[in-house]
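Enquirer: Below you'll find the structure I mean.
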Amino acid sequence: MTTDHDPLAVRAKVRAFALRLPGSAEEFPWGESVVKVNKKVFVFLGAGDGSHPPGINVKLKDPQLHEHALSVPGAEPSGYGLGRAGWVSVPLTGDAPAVEVLCDWVEESYRVVAPKRLITELDGR
């Protein structure tokens, strides 16, 4: 497991992972980074300039993954009503999970919103 404690380095690794998923693309609504597939956001990465504490928001429908994400110190259901749809805000400071765990959550979030043909492509890799 990676034990990188620099939140911006962790964010960069999670971003790079998300952008390697089939059909993914980065956009910057509201001046913050999001990664989408099929015009749907699957991870919010926030600002990468250090102006805000680094964190990610992922959509986790699997109850075990959702609870695991919420067990991270400082994690909470995402704001703006997104939490009711399974979105979780996870800070990348302090006791953030390993990059591999965060990437697993990003992949799960991708699988929730991606079309089946892209999930099939991912599974074929």
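The values are calculated or read from the model by the stated rules, or taken from the named source; none is laboratory data. Note that the structure is predicted; figures quoted are calculated from it, not measured. Here the Cβ positions follow ideal geometry from the backbone for every residue, glycine too, while neighbour counts run over all protein chains shown. Only protein heavy atoms, including side chains, enter the accessible area calculation; ligands, DNA and RNA are left aside. Shrake-Rupley method; radii C 1.70, N 1.55, O 1.52, S 1.80 Å.
Enquirer: So if I place +1 on the C-beta of Lys and Arg and -1 on the C-beta of Asp and Glu, and nothing else carries charge, what would the dipole magnitude of region 1-122 be about its Cα centre? I want it in debye, nearest 20. Walk me through the numbers on the way to the answer.
Expert: Values: 13 positive and 15 negative charges, 125 e Å.
That gives a dipole near 600 debye.
Enquirer: With springs only between Cα atoms under 10 Å, which of Arg111, Arg11, Arg84 fluctuates most in a Gaussian network model of the chain?
Expert: Of the options given, Arg84 has the highest mean-square fluctuation.
Enquirer: Sticking with the crude label model, points 7 Å out along Cα→Cβ, report the distance from Thr93 to Glu67 in nm, one decimal please.
Expert: 2.9 nm
Enquirer: Does a label point 7 Å from the Cα of Tyr80, set along Cα-to-beta-carbon, have any residues of region 42-62 with amide nitrogen under 13 Å, and which are they?
Expert: 42-47, 57-58
Enquirer: Could you tell me which of rounded, prolate or oblate describes region 50-125, using a ≥ b ≥ c as the square roots of the eigenvalues of the alpha-carbon gyration tensor, with rounded for a/c under 1.5 and, failing that, prolate when a/b is larger than b/c and oblate otherwise? Present the calculation step by step, with values, prior to reporting the outcome.
Expert: On the way: a/c = 1.93, a/b = 1.57, b/c = 1.23.
In terms of gyration-tensor shape, prolate.
Enquirer: Projected area of region 1-86, taken from the Cα convex hull and averaged over every viewing direction, in nm²?
Expert: Details: hull surface 25.5 nm².
Projected area, direction-averaged: 6.4 nm².
Enquirer: Could you work out the helix-only [θ] at 222 nm for the chain, with each DSSP H run of four or more residues adding -39,500 (n - 2.57) and the total divided by the number of residues, to the nearest 500 deg cm²/dmol?
Expert: Using -39500 (n - 2.57) per qualifying helix, the result is -10500 deg cm²/dmol.
Enquirer: So, taking all protein chains as they sit and a 1.4 Å probe, how much accessible area belongs to Glu76, in Å² rounded to tens?
Expert: 100 Å²
Enquirer: Would you check region 1-81 for Lys pairs whose C-alpha atoms are within less than 17 Å, ignoring same-chain pairs closer than 8 in sequence, and give me the count?
Expert: On the way: Lys13/Lys36; Lys36/Lys59; Lys39/Lys59; Lys40/Lys59; Lys40/Lys61.
Taking the Cα cut-off of 17 Å, the pair count is 5.
Enquirer: In a GNM of the chain with a 10 Å cut-off on Cα contacts, which of Asp49, Asp104, Asp62 has the highest mean-square fluctuation?
Expert: Residue with maximal mean-square fluctuation among Asp49, Asp104, Asp62: Asp49.
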